[in-house]
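The next block holds one structure in the form of structure tokens; read it before the comments.
The values are calculated or read from the model by the stated rules, or taken from the named source; none is laboratory data. Just so it is clear, the model here is predicted, and its values are computed rather than measured. A quick note on method: Cβ atoms are made from the backbone with ideal geometry, for glycine too, and the neighbour counts reach across all protein chains shown. To get the accessible areas, we keep the full protein, side chains included, count just its heavy atoms, and leave off ligands, DNA and RNA. Shrake-Rupley method; radii C 1.70, N 1.55, O 1.52, S 1.80 Å.
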Amino acid sequence: MSANANRPQLVVASGARLGASKPAPSVIVPLKRPKDSRWAFLRPMFVSWLTNILPPLIVLAAGLIVWELACSSPKSSLPAPSKIWTDSRDLIVDPFFVAGPQDIGLGLRVLTSLERVAIGFGLSAVAGVLLGALVGQSVWAMRGLDPIFQILRTVPPLAWLPISLAAFRDANPSAIFVIFITAIWPIIINTAVGIRNIPQDYRNVAAVLRLNPIEFFWRIMIPSAAPYIFTGLRIGIGLSWLAIVAAEMLTGGVGIGFFIWDAWNSSRLSDIVVALAYIGIVGFILDRIVAAVGHVATRGTQAS
Amino acid sequence: MIAPVEPRSHTLEMPFAAGRSFLKVDRISKSFSRGSATTEVLREVSLGIEKGEFVSIIGHSGCGKSTLLNLVAGLTQVSHGAILLEDHEVNAPGPERAVVFQNHSLLPWLTVYENVALAVDKVFGSRKPRAERRAWVMHNLELVQMAHAKDKRPAEISGGMKQRVGIARALSMEPKVLLLDEPFGALDALTRAHLQDSVMQIHARLGNTVIMITHDVDEAVLLSDRIVMMTNGPAATIGEILDVQLPRPRRRLELVAHPIYLAMREAVLKFLYERHAQPALLAAE
């Protein structure tokens, strides 16, 4: 926008110089400042907002229109956006209402699911980094554990559920275990790669300083491998969020997964669509949170 | 693996009283084996270094001079022979043999201050109170004229500055021997000259015992009390040891035309390019 406002002035300046008969020394022509200079600092923000937010909004609106048209017939098996709005307005408008023991807002259900994810993912982050450090540091640990990890990581999350139900005899710890076992593999593998890639120079420094293993872990290993670890954590949180919904469908309770299953059983398709939107947005936010933490935590770890 | 430390006359060694040097490299050999192939990098290297001496090791690349430094540092183990520092065998790395690495090896996630503090806290953590350690870190940064950048990260300072911080980190450990592994190799000529002057001043002030790996003839003559010249590998050994009898303090400009300086320079150059020219160079002729 500022470029548009300034362009005519630039043309005038260069035109004047061309028109002069004698070779005038090049003059610095002061450009007129935009009048609303007090708010000028907002302009770049506004422009970036416009270029980043507007396109997805347009796509979203177009998608909703197509969807509305496609599902507008009364015989349609899926609800149109307008029908979802009329059916599930309470769910959309107020995420935190409580109208009864099983009739609560989706925000509260998501929080219950998030609590499980927090516990399961937190445990897998700690265990994953420690195991990854072991596998990355010790050749024998890698030879012994890596093939087993490579096989176990291909087991789909839900395949663990019956075993964990049998072991824990309770839905909640079983769901947490499924989160744990789903998220841990990318954390282990990425951490191990990060540890293996610690430059020999840093190891030499640690050796000259005689850092003990615990000091080496905290002062060298973790900071040096941090970019890899956070890649693993980011994949892990995404997988946890994928697994929690499926696990909750089977274990029941208050979470968002069970809500979908419950809505399906009582043919509330509109509620399911709203729940899907919630899950997607929360998953997106989780990913961004881990990415942001990683960005802050790995500041300055790039060797120069 | 402790070799007997009996007085032993070696043509290449300086004569030492009863063979007891401050740092004694006693007939060490080093072989690396990869699979079935074994390469002998160093053979029968013996060298004695006195306290406060500045010794340079010079040789063509691949002559095992860095291996020799890593052996003294304890980062690699000798195959035969022994290295003794004040009559104690060296078999592991430690802060009493601090290393300044060629590529500075500062930890990029720590600031300049924190990089030095890591070493100081580790070495003096139990002996000095916190305030004293802090002062000691700053003292060492001032010694290399880097106190002004104490809160910068390594990525934010120039190559020469990083190397200064690397030197400060090594000095801060109060090492018995300071090991410099081609410390100025990656720097431009002007920065290198500045750092050489700094190292000379620090050596004059603190009287450290220094071993420096270099491939720069002028640098070796300017800084050293003795220059150890290595033959070509494999199975490299010490070819000759040159005493640099230039008076200290040495000034770069005064030395340029100094007859001893020129003679030393010529001696090293002749050794490197006449008698022990790199095989590749000979083949090219």
Verdict on residue B:152 being open to solvent by 10 Å² or more (accessible area, probe 1.4 Å), farther than 26 Å from residue B:193 by Cβ and either touching a strand residue (DSSP E or B) at 6+ places or on another chain (Cβ under 7 Å) or modelled with pLDDT of 90 or more (or both):
no
Selection count where residues are of a type outside the set (A, V, I, L, M), over 21 Å from residue A:244 (Cα atoms) and open to solvent by 40 Å² or more (accessible area, probe 1.4 Å), scope segment A:77-100:
9
Hey, residue A:119 assigned to a helix (DSSP H, G or I), open to solvent by 60 Å² or more (accessible area, probe 1.4 Å) and without any contact (Cβ under 8 Å) to a residue 60 or more places away in the chain or not
no
Conditions (1) among the β-branched types (Val, Ile, Thr); (2) at pLDDT 75 or above; (3) farther than 30 Å from residue A:254 by Cα: number failed by residue A:84
(3)
Take the residues of segment B:91-100 that are surrounded by fewer than 21 Cβ atoms within 10 Å (Cβ to Cβ) and touching a residue at least 24 places away in the same chain (Cβ under 8 Å): which is nearest to the other protein chains (Cβ to nearest Cβ)?
B:95
With respect to residue B:165, is the statement that it is away from chain A (no Cβ under 13 Å) and closer than 29 Å to residue B:90 by Cα true?
no
Condition met for residue A:103 (loosely packed, with under 10 Cβ neighbours inside 10 Å and acidic (Asp, Glu))
yes
Selection within segment A:227-244 - more than 14 Å from residue A:121 (Cα to Cα) and either surrounded by fewer than 20 Cβ atoms within 10 Å (Cβ to Cβ) or at pLDDT below 90 (or both)
A:227
Which one of the conditions (1) assigned to a loop (DSSP other than H, G, I, E, B); (2) within 14 Å of chain A (Cβ to nearest Cβ) does residue B:187 fail to meet, given that it meets all the rest?
(2)
Top-ranked residue of segment A:206-242 - restricted to ones that are within 8 Å of chain B (Cβ to nearest Cβ) and not in a helix (DSSP H, G or I), ranked as nearest to residue A:116 (Cα to Cα)
A:211
Anything in segment B:138-160 that is within 14 Å of another protein chain (Cβ to nearest Cβ), without any contact (Cβ under 8 Å) to a residue 40 or more places away in the chain and within 25 Å of the chain's Cα centre (by Cα)? List them, or say none.
B:158, B:160
Reported set for segment B:203-221 where residues are over 19 Å from residue B:100 (Cα atoms) and in contact with a Leu (Cβ under 7 Å, 6 or more places away or on another chain) is B:217
Filter segment B:101-122 for residues that are more than 11 Å from chain A (Cβ to nearest Cβ) and open to solvent by 20 Å² or more (accessible area, probe 1.4 Å) and give the result.
B:113
Mind checking whether some residue in segment A:68-81 is closer than 18 Å to residue A:267 by Cα, part of a helix (DSSP H, G or I) and out of contact with any strand residue (DSSP E or B) (no Cβ under 9 Å at 6 or more places or on another chain)?
yes
Starting from residues that are surrounded by fewer than 18 Cβ atoms within 10 Å (Cβ to Cβ) and without any contact (Cβ under 8 Å) to a residue 24 or more places away in the chain, keep the ones in segment A:208-226 and report whichever is farthest from residue A:158 (Cα to Cα).
A:210
The lone exception for residue B:91 - which of (1) out of contact with any strand residue (DSSP E or B) (no Cβ under 6 Å at 6 or more places or on another chain); (2) modelled with pLDDT of 90 or more; (3) closer than 22 Å to residue B:43 by Cα it fails:
(2)
Within 14 Å of chain B (Cβ to nearest Cβ), open to solvent by less than 40 Å² (accessible area, probe 1.4 Å) and either within 22 Å of residue A:95 (Cα to Cα) or part of a loop (DSSP other than H, G, I, E, B) (or both) - does that describe any residue in segment A:283-299?
yes
Based on this model, can you work out whether residue B:125 counts as closer than 22 Å to residue B:73 by Cβ, within 14 Å of another protein chain (Cβ to nearest Cβ) and out of contact with any helix residue (DSSP H, G or I) (no Cβ under 6 Å at 6 or more places or on another chain)?
yes
Test: residue in segment A:36-45 that is surrounded by 12 or more Cβ atoms within 10 Å (Cβ to Cβ) and either over 30 Å from residue A:269 (Cα atoms) or at pLDDT below 80 (or both):
yes
Take residue A:203 and decide whether it is over 27 Å from the mean Cα position of the chain (by Cα), buried (at least 19 other Cβ atoms within 10 Å of the Cβ) and assigned to a helix (DSSP H, G or I).
no
Tell me, yes or no, whether segment A:173-196 has at least one residue that is open to solvent by 20 Å² or more (accessible area, probe 1.4 Å) and within 13 Å of chain B (Cβ to nearest Cβ).
no
Picked from segment A:104-139 (must be among the β-branched types (Val, Ile, Thr) and more than 20 Å from the chain's Cα centre (by Cα)), the residue modelled with the lowest pLDDT is A:104
